[in-house]
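The values are calculated or read from the model by the stated rules, or taken from the named source; none is laboratory data. Being a predicted model, the structure only gives us computed values, none of them experimental. Cβ sites come from the backbone with ideal geometry, for glycine too, and all protein chains shown count toward neighbours.
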Amino acid sequence: MANGENQNPNPNPIEATPGAAARTITLKTADGEIFEVEEAVAMEFGTVKSFFEDDAVSATKPMPLPNVSGSALSRVITYCRRSLEIRSMIPPATSEDATAAEAVQGEGDLEAEKAAKQERKEFEAEFLKDESNEDVKELILAANYLNIKELLDFLCRSVALRIQNKSVEYARKFFGIEGDYTPEEEAQIRQEYAWAFEGVDED
Amino acid sequence: MDLEAVGDLVLHTIISNLTPKDTAIAACVSNKLKSSASEDILWSKFCFQELDLNEPIDPFGNLTPSFKACYQAWREAFSMYPWSLVMRVKRCWGRLKNWLSINFPEAEATLRKGVSEVEIQESERILKVKFPLPTRILYRFCDGQDFNEKSSGSASGSLLGLIGGYSYYTHLVNVFLLPLNEVVLNTKAIIRHIRLFSKNKYVVVAASYTESEKFFFLNCTTGQLHVGTVNLATEGEMIPCVPNALISSVHDSNGDQQQDAMLLWLEEHARRLENGMIKLREERGTRSISLFPEEPPFCSTAITNGVKVRASAVFVPEIADLQNETTKYTFSYSIRMSLQREGCVINGIPFSSCQLKWRHWIIRANDRVESDVNGEAVIGQYPLLLPGEKEFVYESCTPLPTSLGSVEGSFTFVPGRLADPKGAPFEVEVARFPLQLPDYIF
């Protein structure tokens with residue numbers, strides 16, 4: 001099938017470029033959604049990469065992703081696709097030519113790197129803007145399962161920002177972690193870090 | 001949703017992106033997070049980023065067993081102040097001490113260690129003031145300078161002022177930062193003489209220990225720093241030392257916008273030392289910080305026939321007289337002249353020395369010529385310049401009715417010596433240099 005076949009309405013329809021030799025890989029999420037993803041993007045997922053590198057696994061059969069929902073995968077694909085685009089803004093550091101040409105290329109590279117950095121900054125600022133904490137956590141679980149280092153690092157940084165200046169109770173709820181201190185231990189550790197408890201945001 | 005499912009590596013990565021405060025909060029969440037949050041490598045990063053520490057040294061100079069314990073000790077010792085302000089003050093003293101340790105270690109040795117909260121409160125109680133927040137923290141880090149009365153007779157003890165100074169004719173000032181106990185003594189002494197002060201919460205924070213008097217007052221209510229003019233004793237007349245618009249929230253513990261004149265003044269001083277705008281001067285074997293600018297646009301340079309003349313001026317606030325139209329402002333200027341290694345070359349002919357005979361000065365107030373004078377010598381001397389030798393430096397002064405003006409002129413030199421001229425006299429340019437009431441007064 002040339003086009004992605006969806007059993008559920010897919011908010012992120014993917015069209016295979018007609019005529020281009022772009023290989024696609026088919027992924028199937030936990031809730032039964034099918035995604036056809038360009039090979040380059042899919043190979044950003046460590047889990048997918050090793051799956052296809054392992055055996056002569058047929059690239060036409062959908063790879064199952066039992067731990068990832070459709071909505072999460074859709075967001076992940078958007079991120080990786082954009083990330084690849086931004087990375088391609090920087091010309092590869094190949095050393096084929098004479099020094100003069102390299103010097104010119106070097107300067108251009110610096111400019112391109114700066115532009116790419118700026119693009120990434122803006123993109124990352126927008127990407128999670130409307131996501132709830134639950135959505136972000138779901139993305140973390142997905143990125144962790146799919147083994148996408150760049151996305152995971154970005155999500156961890158974003159979480160750090162989201163819990164900035166929050167209380168211990170907020171952090172517990174966010175991480176879904178029960179405090180396991182005895183009352184004495186709790187009092188002691190709060191005393192040890194008393195300086196951190198000034199000016200914490202209201203939950 | 002339970003993030004514990006992602007495993008320790010992810011939790012660990014999240015924690016390593018937290019601020020120190022959030023890392024502390026994370027440690028209080030549960031035992032598992034506590035172990036990630038307690039890793040000393042995190043706290044060594046915080047100690048380095050926020051306190052510029054490579055070793056775990058606490059505020060009292062003691063080595064602590066871990067960077068975590070070190071960071072905690074600092075936060076606890078300064079828990080009564082906004083942390084961002086504490087870091088800023090520490091950085092300011094760090095820059096000053098660093099410059100001194102490299103360039104002027106004998107002055108660094110005079111810096112006293114910081115006072116305690118108790119000592120600050122005691123001084124406030126005696127003087128019936130509340131110091132602005134930044135100033136309190138400044139004193140927590142460093143209690144001004146020791147002044148050695150014994151060596152003041154030889155003048156070397158009195159030239160170690162952190163703020164530095166200048167001298168011309170018999171007027172010599174070199175400004176020290178006062179320790180709190182001197183602040184108290186000097187303030188009480190001055191209040192007795194100048195009635196105006198006790199109402200307005202001024203304290204003396206810096207002064208020159210020389211015959212020529214120069215006093216700096218901190219207004220504890222507004223946070224501005226002022227320097228006394230010639231009418232200080234009679235009228236309590238002073239000039240503000242820091243742009244007023246920059247001073248803010250000096251008594252407000254909330255937020256992070258606090259800056260008072262002391263902090264701004266010392267930060268500006270650190271900047272000028274670091275970028276070489278002001279330098280050490282060595283005179284008769286003694287070194288001191290000279291406030292004469294060394295770089296353009298305030299210092300001019302001109303080379304004529306191999307004779308190099310550098311010139312700059314400094315505002316002398318302690319002689320200013322705001323009530324007097326003609327001599328409202330006084331500026332001292334420093335002229336440095338030297339002969340390049342190649343000697344004095346006139347029309348291709350080299351001479352191995354030259355000597356000054358005349359000077360010609362044009363002094364302007366705004367753009368109007370105030371005085372245009374010719375005269376023999378400079379401060380009664382006829383400097384003989386030899387190739388490649390140290391600069392001949394002299395200082396003089398001029399009053400000015402306006403806060404802006406300039407000086408320029410020329411010297412008439414004779415190749416060889418006055419007693420034995422080798423050729424016709426020639427003019428050496430002194431390029432125009434500004435006289436300007438500065439935005440920061442030291």
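The residue list B:GLU55, B:GLU119 contains one member that is acidic (Asp, Glu), more than 14 Å from every other protein chain (Cβ to nearest Cβ), surrounded by fewer than 18 Cβ atoms within 10 Å (Cβ to Cβ) and part of a helix (DSSP H, G or I), which is B:GLU119.
Of all residues in the stretch B:53-96, those that are more than 30 Å from A:ILE189 (Cβ to Cβ) and in contact with a Cys (Cβ under 8 Å, 6 or more places away or on another chain) total 1. Taking residues in the stretch A:54-75 that are over 18 Å from A:GLU138 (Cα atoms) and modelled with pLDDT of 70 or more, and partners anywhere that are of a type outside the set (A, V, I, L, M) and assigned to a strand (DSSP E or B), the pairs with Cβ atoms closer than 6 Å and at least 6 places apart or on different chains are A:PRO62/A:THR26; A:PRO62/A:LYS28.
For (1) touching a strand residue (DSSP E or B) at 6+ places or on another chain (Cβ under 7 Å); (2) modelled with pLDDT of 90 or more; (3) among the aromatic types (Phe, Trp, Tyr), each residue gets a yes or a no:
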| site | (1), (2), (3) |
| --- | --- |
| A:ASN133 | no, no, no |
| A:LEU139 | no, yes, no |
| A:LEU146 | no, yes, no |
| A:CYS156 | no, yes, no |
| A:PHE175 | no, no, yes |
| A:GLU198 | no, no, no |
| A:ASP203 | no, no, no |
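Residues that are more than 9 Å from chain B (Cβ to nearest Cβ) and farther than 20 Å from A:LYS28 by Cβ were ranked within the stretch A:136-150; the one that is surrounded by the fewest Cβ atoms within 10 Å (Cβ to Cβ) is A:LYS149. Filter the stretch A:172-190 for residues that are under 35 Å from the mean Cα position of the chain (by Cα) and surrounded by fewer than 12 Cβ atoms within 10 Å (Cβ to Cβ) and give the result. Within the stretch A:172-190, A:GLU178 is the sole residue that qualifies. In summary, A:GLU124 fulfils each of the numbered conditions (1) out of contact with any Asp or Glu (no Cβ under 9 Å at 6 or more places or on another chain); (2) crowded, with 16+ Cβ neighbours inside 10 Å; (3) facing chain B (nearest Cβ under 9 Å) with the single exception of condition (3). The conditions are (1) without any contact (Cβ under 8 Å) to a residue 40 or more places away in the chain; (2) within 23 Å of B:ILE319 (Cβ to Cβ); (3) crowded, with 17+ Cβ neighbours inside 10 Å, and B:THR222 fails exactly one of them. Which is it? Every condition holds for B:THR222 apart from (2). If the condition is being without any contact (Cβ under 8 Å) to a residue 60 or more places away in the chain and either of a type in the set (S, T, N, Q) or closer than 19 Å to B:CYS344 by Cα (or both), then the stretch B:394-423 contributes B:SER406, B:SER410, B:THR412, B:ALA419, B:ASP420, B:PRO421. With respect to (1) surrounded by 21 or more Cβ atoms within 10 Å (Cβ to Cβ); (2) out of contact with any Asp or Glu (no Cβ under 6 Å at 6 or more places or on another chain); (3) more than 8 Å from chain A (Cβ to nearest Cβ); (4) over 29 Å from A:LYS149 (Cα atoms), the lone exception for B:ARG91 is condition (1). Being in contact (Cβ under 8 Å) with a residue 24 or more places away in the chain, in contact with a Lys or Arg (Cβ under 7 Å, 6 or more places away or on another chain) and surrounded by 14 or more Cβ atoms within 10 Å (Cβ to Cβ) is true of A:ASN133. The single residue among A:SER158, A:SER132 that is small (Gly, Ala, Ser) and either at the interface with chain B (Cβ under 10 Å from one of its Cβ atoms) or more than 17 Å from A:ALA72 (Cβ to Cβ) (or both) turns out to be A:SER158. When only residues in the stretch B:12-30 that are over 12 Å from A:ALA171 (Cα atoms) and more than 7 Å from chain A (Cβ to nearest Cβ) count, which is modelled with the highest pLDDT? This residue is B:PRO20. Only one entry in A:GLU119, A:GLU36, A:GLU44 is within 23 Å of the chain's Cα centre (by Cα), more than 23 Å from A:PHE154 (Cβ to Cβ) and modelled with pLDDT of 75 or more, namely A:GLU36.
Count, please, the residues in the stretch B:248-286 that happen to be closer than 19 Å to B:ILE163 by Cβ, of a type in the set (A, V, I, L, M, F, W, C) and in contact with an Asp or Glu (Cβ under 9 Å, 6 or more places away or on another chain). Residues that pass the stated criteria total 2. All of (1) closer than 26 Å to B:PHE315 by Cα; (2) touching a Gly at 6+ places or on another chain (Cβ under 7 Å); (3) in a helix (DSSP H, G or I) hold for B:ARG140 with one exception: (1).
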